[in-house]
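Data first, discussion second: the structure below is written as structure tokens.
The values are calculated or read from the model by the stated rules, or taken from the named source; none is laboratory data. Note that this is a predicted model, so its numbers are computed, not measured. So basically every Cβ, Gly included, is an ideal-geometry build from the backbone, and we count neighbours across all protein chains shown. Ligands, DNA and RNA are stripped out before the accessible areas are found, and what is left, the full protein with its side chains, is counted by its heavy atoms. Shrake-Rupley method; radii C 1.70, N 1.55, O 1.52, S 1.80 Å.
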Amino acid sequence: MQLVVKFLYVEARSGLVLGLTTATISFISYSTVMGIVGGGGVGDFAIRYGYQRFETEIMVFTIIIMIILVQMIQFTGSRLSHWLDRRS
């Protein structure tokens, strides 16, 4: 148990955070695409209220919000991973 907690976990923390960051961003992108094909959510909102009603401002605002959200998650995950990595 000490081998796992004091060595393996400490060495793997950085990679685990990066993997979680990637999975979270992929989940956001897949949920947006599912909204486009009828699953509801942000993609559905952008298509229904922005594209189909010709309200470009709503569509652009929704896209900008999604880009900002993904960039914040990526930045936070990268910084946390770098902070947890004791080798550098």
Under the rule of -39500 (n - 2.57) per DSSP H run of 4 or more residues, summed and divided by the residues of the chain, what mean residue ellipticity at 222 nm is obtained, to the nearest 500 deg cm²/dmol? -23000 deg cm²/dmol
Which longest uninterrupted range of the chain lacks any trypsin sites (Lys or Arg not before Pro) assigned by DSSP to a loop state (not H, G, I, E or B) and surrounded by at most 16 other Cβ atoms within 10 Å? 1-52
Calculate the spin-label point distance for residue 31 paired with residue 45, positioning each point 7 Å from the Cα along the beta-carbon direction, and give it in nanometres. 1.1 nm
If I build a Gaussian network model for the chain, linking alpha-carbon pairs within less than 10 angstrom, which residue out of 56, 24, 32 has the largest mean-square fluctuation? 56
Note the listed values (1) 0.97; (2) 1.13; (3) 1.22, then indicate which one is Rg/Rh (Cα atoms, Kirkwood Rh) calculated from this particular structure. (3)
Solvent exposure of the chain as accessible area per residue, Å², 1.4 Å probe: 77 Å²
Taking all protein chains in place and a 1.4 Å probe, what share, in percent, of the accessible surface of the chain do carbon and sulfur account for? 70 percent
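How high is the relative contact order of the chain, in percent, counting Cα pairs under 8 Å that sit 6 or more residues apart?
33 percent
Rounded to the nearest 0.05, what FRET efficiency is calculated for residue 12 and residue 70 with R0 set to 22 Å and r the Cβ-Cβ distance? Each step should come with its number before you reach the end.
Numbers: r = 25 Å, r/R0 = 1.12.
Taking R0 as 22 Å, the efficiency between residue 12 and residue 70 is 0.35.
Efficiency by 1/(1 + (r/R0)^6): what FRET value for residue 63 and residue 22, r their Cβ-Cβ distance, R0 = 30 Å, to the nearest 0.05? Can you show the working numbers first?
Details: r = 21 Å, r/R0 = 0.70.
Calculated transfer efficiency: 0.90.
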With Cα coordinates, the longest principal axis of the chain makes an angle with the long axis of helix 56-84, in degrees rounded to 10, of 0 degrees
So how much slack lies between residue 53 and residue 78, counting 0.36 nm per residue of separation and subtracting their Cα-Cα distance, in nm? 5.2 nm
Top mean-square fluctuation among 70, 37, 17, Gaussian network model of the chain, C-alpha springs under 10 Å? 37
Rounded to the nearest 10 degrees, the helix 9-34 long axis (Cα) sits at an angle to the longest Cα principal axis of the chain of 10 degrees
